[in-house]
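The values are calculated or read from the model by the stated rules, or taken from the named source; none is laboratory data. These figures come from a predicted structure and were not determined experimentally. Neighbour counts are summed over all protein chains in view; Cβ atoms, including those assigned to glycine, are modelled from backbone coordinates with ideal geometry.
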Amino acid sequence: MNATAKYCLGLLLLASLIANVVFICMQARKTPEVPKCSRQMAAGMLKTHKHDGKSLIFSDLSAEEHTVVKEYLMKQADLKLTDSEVATLSDDYIFLIELHLPEKELALRYLDSSGPKPPREAKVVVFHGSRDLLVEYIVGPLPKPTYHRDDTIKRYGKRLQYSGRPVTRVEYGYIFDFLATKEFPKLGRVLQESFAYDGSNFCFVEGMPRGLKSGDRASWYTVFRKMSGIYLHPVGLEIRIDHSSKDPSGFKVLQIFYNGQYFNSSEELRDKYEKGNIKKIVYQPSEDYASLKPRRPPSGLPPQQYEMRGRRYSVQDNQVLYLDWGFAFGLSSLTGMYLFDIRFKGERIAYEVSVQEAIAMYGSSTPAVMLTKYVDSSFGIGRLAHELVRGVDCPYHATFVDTFRYLDTNQAKHYRNSICIFEHNMGRPLRRHFSDFFINDYGGLVNSVLIIRTITAIANYDYIWDFVFYQNGALEVRVFATGYISSAYLIDGSLRYGHQVAKNTLGTLHTHFVNFKADLDVTGTNNYFLTKDMAYHEVQVPWSPERRVQVPKLVEKQLKTENEAALRFDQKIPRYLHIASNKTNKWGHNRSYRIQVLSFNGDHLPESVPEEAAVSWARYKVAITKHKDHESTSSSLYNQNDMWSPAVNFSSYINGESIENEDLVAWISTGFLHIPHAEDIPNTVTAGNGGGFFLRPHNYFDEDPSINSPDSVYLDPSIPSDSCELNPNACLQNEVCMPNLPAFTYNGFDEVIHI
Ligand SMILES: [Cu+2]
């Protein structure tokens, strides 16, 4: 081949190559694009019920409403309020503003008949430093307030002492400043040689309560190293500070605990340290074992769920509609998530289901922890509901809702994406049966549920709060614990209170108890409390009279007073607990909802312990009381800081009243005993850690309502396996759409507390 021929051939090959590339590109462009999945609600999902706006009577205050309430109160000359931004401990200032729930009777008249809309009101907690009082005001009507009234006596039956207030950002600031500028300089070499203290590498975690009797305000502060996962890095130093004075110059150190030894002052510790006659800590750098930074690069993605034909639920303002369900929701700064007016197939099942309280009682031989009995609503459970992370905290496709809260601030704070709502395939059938004998067929229903969730990070612990709506009319309420365990510096005798989980670190044994309120209304508010259980009884065998057999029988009992229906954890409790109606189903049985508690709790505090009064709800797995608006919560903002004379002692709600044909409220407790172990490092996992309860229909219907679910699948040998008529899965391969996913964003760090 001559040179010209070679050149022509090369040119031809190049042209062919270019033509091929162009052709492939054109073909690729012709390939039809996969459509995005619908953002609209799936057709025909909410045929029977519509949003009506009435749920707004339960909605949290908006940013504007918080502002209006604050401005109204600031103008009231008799209150003499100082803006909380500049208030000192001896001033009068607003601590909290949130929705004051309407009275139930008014709300029901508005929801169910033509009653007027209840006035919209705010509850405002004012710390009256000048008068040594804590006062709760009701302010209304919104949006243009014209009145305020002191509600404290009506709600709590007494005045509330100033010493029972939670510690504010301002007070924390004074305490930490007192340590850094007054006390730590006295310790000089002790801090330097023992902890390599550089003026900024300490963090503090406080033990609570703040003393041993009413009026005490002297807290133990445990020093932790300022590094990722601070709660697992105790340095071996704890300090008890009396901060009862309204003037920070009156703060004083009462005791110091250093490496297992007590001292009465910084001077005493310093002097003994310098003389060399104490057991010293010699600083060694801490390993970074508590960090949550990934230890390996990401590889692959876990499976995702998405809605091919759009959402099957609707969220409008604070109301959710999902298949046969409907409810209103909100998030209290103090108690956390609450739901109201929960209906299934148009009938109200519950007026209110809400989180009430979460407590943890600790054991340790170190002073801060041995005293510790945390009562979280005093710190604010809902207060710490930060932005949820899409794809981890909630499925990526979830609907996210913002909230506004006003607690220890001077203007409402905006918490983006702090509630999520999603429909979720639980990955196992709700029911199914395969018939092998005589008749051959299969019927099944995927367990697709709606979940509304918030997650609250209360210091070291993160609680996940789930309300799960099933297609059979059941509502499950669950709490899961994750986050960091609380730890103590390892000293002699520590191992009586837990396990060593890291160098010099004891994971301290503790109990978790959580309380919920379930104000069930079963076919109305006229209900009674029924228990069911089983007992073996001896029966003569009819066809063989000389023989006797043990046969389990149904045992039913109505409990008629609040005292009978206060079911303690330490007693044998009937297995089935029902809020029942006098109305019957088709089979003549009383319609009811069953309360089924899931709990792995440890022992509750002995009642002889003075602090028990503040957490007396934890005596009872379930307690039934007659509904009263002023018995709205089982705990209070003030219970932590005055556990000995608490604003709310739940056990006083149980006072012998009849619960027959009354409006009933169930107070439900659950929890788990936590013996920390090596695998709690770096975090406690949700698997196995938590509790909850079900509210389940029990003779409420004539049959399982989920039989009407649009998701039911049916197969029999005569139906071609590719028929979609009774089995949408047979056509799934034809349903092609791209998940319609929003971009990932996160702004949760904008909202953190700065002291
Ligand atoms: Cu725990």
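Quick notes on this one:
- Checking each residue in region 653-688 for being surrounded by 20 or more Cβ atoms within 10 Å (Cβ to Cβ), among the aliphatic types (A, V, I, L, M) and not in a strand (DSSP E or B) picks out I654, I659.
- Sole exception among (1) of a type outside the set (S, T, N, Q); (2) loosely packed, with under 14 Cβ neighbours inside 10 Å; (3) assigned to a loop (DSSP other than H, G, I, E, B) for D177, by number: (3)
- Within region 570-601, being over 25 Å from G688 (Cα atoms) and either not in a strand (DSSP E or B) or not assigned by TED's automatic domain parsing to the domain that holds Y700 (or both) holds for N585, K586, W587, G588, H589.
- Filter result for A358 (within 15 Å of T222 (Cα to Cα) and outside any loop (DSSP other than H, G, I, E, B)): no
- Applying the criterion of being within 16 Å of the ligand (Cβ to nearest atom) and part of a strand (DSSP E or B) to the residues of region 509-536, the residue that is farthest from A360 (Cα to Cα) is V514.
- When V501, V539 are checked against the criterion of being at negative phi and either crowded, with 24+ Cβ neighbours inside 10 Å or within 16 Å of the ligand (Cβ to nearest atom) (or both), a single residue qualifies: V501.
- Number of residues in region 454-469 that are away from the ligand (no atom under 13 Å from the Cβ) and either surrounded by 22 or more Cβ atoms within 10 Å (Cβ to Cβ) or assigned by TED's automatic domain parsing to the domain that holds I239 (or both): the value is 6.
- Check on S616, part of a loop (DSSP other than H, G, I, E, B) and of a type outside the set (A, V, I, L, M): no
- Only one entry in E171, E274 is touching a residue at least 40 places away in the same chain (Cβ under 8 Å), surrounded by fewer than 21 Cβ atoms within 10 Å (Cβ to Cβ), farther than 30 Å from L96 by Cβ and not small (G, A, S), namely E274.
- In region 663-686, the count of residues that are within 16 Å of L577 (Cα to Cα), in contact with a Gly (Cβ under 9 Å, 6 or more places away or on another chain) and among the small types (G, A, S) is one or more.
- Test for F672: is it among the aromatic types (F, W, Y), more than 16 Å from the ligand (Cβ to nearest atom) and either out of contact with any strand residue (DSSP E or B) (no Cβ under 6 Å at 6 or more places or on another chain) or within 30 Å of S494 (Cα to Cα) (or both): no
- Check on E347, surrounded by 12 or more Cβ atoms within 10 Å (Cβ to Cβ) and modelled with pLDDT under 95: no
- Qualifying residue in region 390-408 (condition: outside any strand (DSSP E or B), over 28 Å from A474 (Cα atoms) and of a type outside the set (V, I, T)): yes
Table: residues versus (1) touching an Asp or Glu at 6+ places or on another chain (Cβ under 7 Å); (2) polar (S, T, N, Q); (3) within 16 Å of the ligand (Cβ to nearest atom).
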{"site": "A618", "(1), (2), (3)": "no, no, yes"}
{"site": "T633", "(1), (2), (3)": "no, yes, no"}
{"site": "S658", "(1), (2), (3)": "no, yes, no"}
{"site": "W667", "(1), (2), (3)": "no, no, no"}
{"site": "A678", "(1), (2), (3)": "no, no, yes"}
{"site": "G688", "(1), (2), (3)": "no, no, yes"}
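- Hey, G363 over 30 Å from S494 (Cα atoms) and assigned by TED's automatic domain parsing to the domain that holds R619 or not: no
- Restricting A385, A368 to residues that are within 30 Å of V86 (Cα to Cα), surrounded by 23 or more Cβ atoms within 10 Å (Cβ to Cβ) and of a type in the set (A, V, I, L, M, F, W, C) narrows the list to A385.
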